[in-house]
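We did not get these values from a lab; they are worked out from the coordinates using the rules stated. Values in this document were obtained by computation on a predicted structure and should not be read as measured data. All Cβ positions, even for glycine, are placed from backbone atoms using ideal geometry, and neighbour counts span all protein chains on display.
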Amino acid sequence: MKKKLLYWSPRILATLAILFMMMFSLDCFEGETGDILLCLVMHNIPAFIIIVILVIAWKWELIGGVLFVAAFLAGSIYFNGFGSNWGALIVMVPFLLTGILFLLHYFLYLRRIQTNQTQP
């Protein structure tokens, strides 16, 4: 049971965090009707990058966990989350937690299985 919880929790958390980020692009529908598609694409570029990281993490948890932690650091530095913009951390902390959960699952379960298979 714990293995399934640790397997699914980072995936669900990342999906919810991506949807939360994409929610901010809904302001494209206010105002002018021209170039809504361009506005949506531009607002969702960070979400698309995180989706690519999630796809990588789904297959290779170690690499995905490291990429999620790197995305947290890059986003927090870019949006000045460690300085005066504490609101950026509200958006970025789920990616840190997701990365930690992916790494935790890898080191607790997958690494043990891989080392047992390689031993004669």
The one condition Glu61 fails out of (1) of a type in the set (D, E, K, R); (2) surrounded by 12 or more Cβ atoms within 10 Å (Cβ to Cβ); (3) on the phi > 0 side of the Ramachandran plot is (3)
Examine the range 31-39 for a residue that is in contact with a helix residue (DSSP H, G or I) (Cβ under 9 Å, 6 or more places away or on another chain), surrounded by 15 or more Cβ atoms within 10 Å (Cβ to Cβ) and in contact (Cβ under 8 Å) with a residue 60 or more places away in the chain, and state whether such a residue exists.
no
Positions within the range 1-30 being exposed (fewer than 10 other Cβ atoms within 10 Å of the Cβ) and in contact with a Pro (Cβ under 9 Å, 6 or more places away or on another chain), in sequence order
none
